[in-house]
Every structure is written in structure tokens, then in C-alpha cells.
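Input: a single structure, listed below in C-alpha cells.
FYI, it's all coordinate maths here, none of it is from the lab. Given the structure is predicted, the values throughout are model-derived calculations rather than measurements. Cβ coordinates were reconstructed from backbone atoms using ideal geometry, including for glycine residues, and neighbour counts include every protein chain displayed.
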Amino acid sequence: MIGNRVIKNKKAQVTIFVIIGILIVVIIIGFLYIKNKQEPGGNEKPETNSITIFESCLEEDLKETVEMITSQGGYLNNPLNITFQFKDSQKVQEISYLCYTYQSYFSCKNQEPLLMNHLEEEIEIGISNQVKVCFDEMASSLGRRGEVVEANYRGFYVELAPGKIIVNIDGSITSTKSGQTTRQTELKGNFPSRLYEITKVVQEIVNQEATYCNFDLLGFMLLYSEFEIDKTVTRDSTTIYTVKHEKGVEKFDFAVRSCSLPPAF
């Protein structure tokens, strides 16, 4: 009987020690977790924080550039345009022709067969100065956190993709802190946008106008109800199109002059 009691006591002691050990481990893990949450950026990679700073810095300038380009038919500057004012707007716009002919009865010529590439280049021109400013701000933010930073900026390029605009940076940032060195080379900012989808529709409209002298607006919108397309015909037989996407804020205005009738005398 005495032997059984000794064995039971030993088992009880072992159980207590195991429970105490588990509690100590849980307390240590909880302490480390709370400490990590309290430290700025403690649970985020340095490059994640840096890109967030870059995106916040560039967002407004990119938005304004895209708005200017899409309100002017896809160009920052283009002499081939029509001056037009929408009824619900007080602003007079110079809207570029994306398909044009000066001849009567003839179908128009597509002015930008590679429209997607053209828009990427126009955006690059519009934001080029600000991208460098935001890259420098991204590097400076690491320096303010006590890191030794070496930044190398060589340029950038813009990419239109489904649901977003990507700004790819050609450069690198090397930062050192507490003897640990981190090198960031794949730096890119992602900005929500439906410009890619809208551009696909604009290309389809231009292709149909160049081929058939007309665009099947109702048929297209029945198939692709997420798009809203408005069409206005002016006195000189120019057609002004406006394309919107239901999930985006952008709208794309552009002009077409195709198979126009000669002026009446």
C-alpha cells in the first residue's frame, strides 16, 4: 500500500511539473507576441513597409495623371483633337481622335493600334518626376528608423494589368541595422484601377469603327453589362465616346471620325 502511495505521489508531482512547464512556455510566447505587436513594423517585412510608403506618396499624382490622360482621349498632348464640352460639365475638353479620316465616306484610320502600350508610356511621362521623389522618400523612411541605407535608382516603367496599375522600379535599396543587411530589388507599387479593362473596350470600339464605320453599342453592352458606354455625335460627324467600368472611378473620353457625310450646303 505504501509503495502504491509513493508511486501515485510521484505521478502527481510529474503532472504538476508538466502543467507548470506548459504555463511558463505559454507566458513566454504571449510576452514575445505582445512585444512584437508593440514595436513599429515588428510583424512586417521592411520591404512591405517601404512599398506602402512609396504607394502613399505616388497615389495622388498617378490618379491626377490618369484622369488627365483619359479625359483627353489617351494623350497628355495631341494636336489631332476636337474641342468639346459635355452638357453636364463646365469644363471644355480637348479630346483626341483615336480613329480619324478627313475624307467623307471613308472609314477612319486607327491612330494608336498599340493603345495599351501608348497609355503606359503617357503615364510614365506624367509621373516620372514624382516616382523619383517617392523612391527617395521610401529610402529615407528606412534611414529614419535607424538603418544605414544605400539606394540606387535607375528608372521605372508602368504596366497596365487587370484591376490595377503597376509601377515597376528599376533600382535597389540596401539597408543595414544591428549587423543584418537587407537588399530589396523587386520593388513595385500596385494601384487599384480599371484602366486595363476600359482600354480593351476602347480598342474594340476603334477597331469596329475602322472596319465597319460603326460600333454595335447596344449589342456590346448586353454582353458586357459591367461597362457603361455613352455616344455623342457632333455637327461635323465626329463621335465622342465615353467608357466607364462599374467597379472603377476612371472614365475614358475619345473621339472618332469615320465614314462621315460631306457638309450640307
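In whole angstrom, and with the biggest value first, how far do the Cα coordinates of the stretch 142-216 range along each principal axis?
Extents along the principal axes, in whole Å: 67, 21, 16.
Restricting to DSSP loop positions (anything but H, G, I, E, B) with no more than 16 other Cβ atoms inside 10 Å of their own Cβ, which trypsin sites (Lys or Arg not before Pro) remain in the stretch 132-178? Walk me through the numbers before you get to the answer.
Working: sites: LYS132, ARG144, ARG145, ARG154, LYS164, LYS177; in loops: ARG144, ARG145.
Here the trypsin sites (Lys or Arg not before Pro) that fit, given the DSSP loop and packing criteria, are ARG144, ARG145.
Mind checking the stretch 121-194 for GluC sites (Glu not before Pro) that DSSP puts in a loop (not H, G, I, E or B) and that have at most 15 other Cβ atoms within 10 Å?
Passing both the DSSP loop test and the Cβ count: GLU186.
Over 29 Å between Cα atoms: which of LYS87/LYS164; LYS109/LYS200; LYS63/LYS91 fall into that group? Don't jump to the answer; show the numbers that get you there.
On the way: LYS87/LYS164 31 Å; LYS109/LYS200 18 Å; LYS63/LYS91 19 Å.
Violating the 29 Å limit, Cα to Cα: LYS87/LYS164.
Using the Karplus equation 6.51 cos²θ - 1.76 cosθ + 1.60 (θ = phi - 60°), what ³J(HN,Hα) coupling, rounded to whole Hz, does each residue of the stretch 142-150 give in order, writing x for Gly and Pro?
5, x, 5, 8, x, 9, 8, 10, 10
Under a no-solvent Debye model with one identical scatterer per Cα of the stretch 45-103, what's log10 I(q)/I(0) at q = 0.15, 0.19 Å⁻¹?
Treating every Cα as an identical point scatterer, log10 I(q)/I(0) equals -0.60, -0.76.
Using all C-alpha to C-alpha distances in the stretch 46-257, build P(r) with 5 Å bins and read off the rounded percent in each one.
1, 7, 14, 16, 15, 12, 9, 7, 6, 5, 3, 2, 1, 0, 0
Per residue of the stretch 94-108, what does 6.51 cos²θ - 1.76 cosθ + 1.60 with θ = phi - 60° give for ³J(HN,Hα)? Whole Hz please, x for Gly and Pro, Karplus curve as stated.
With the stated coefficients, the stretch 94-108 comes to 9, 9, 6, 7, 9, 8, 8, 8, 8, 7, 7, 6, 8, 6, 7 Hz.
Averaged over every viewing direction, what's the projected area of the C-alpha convex hull for the stretch 194-250? Give it in nm², one decimal, please. Write down the numbers at each step before the final one.
Working: hull surface 16.0 nm².
That works out to 4.0 nm².
If amide H atoms are built 1.01 Å from N in the plane of the peptide, which residues on other chains or at least 5 residues away come under 5 Å of the amide H of LYS164?
For LYS164, whose amide H was placed from the backbone, the distant partners under 5 Å are SER193, TYR196.
Can you list the residues, at least 5 places off or on another chain, whose amide H is less than 5 Å from the amide H of SER258, using H built in the peptide plane?
Counting only residues 5 or more places away or on other chains, the set is THR239.
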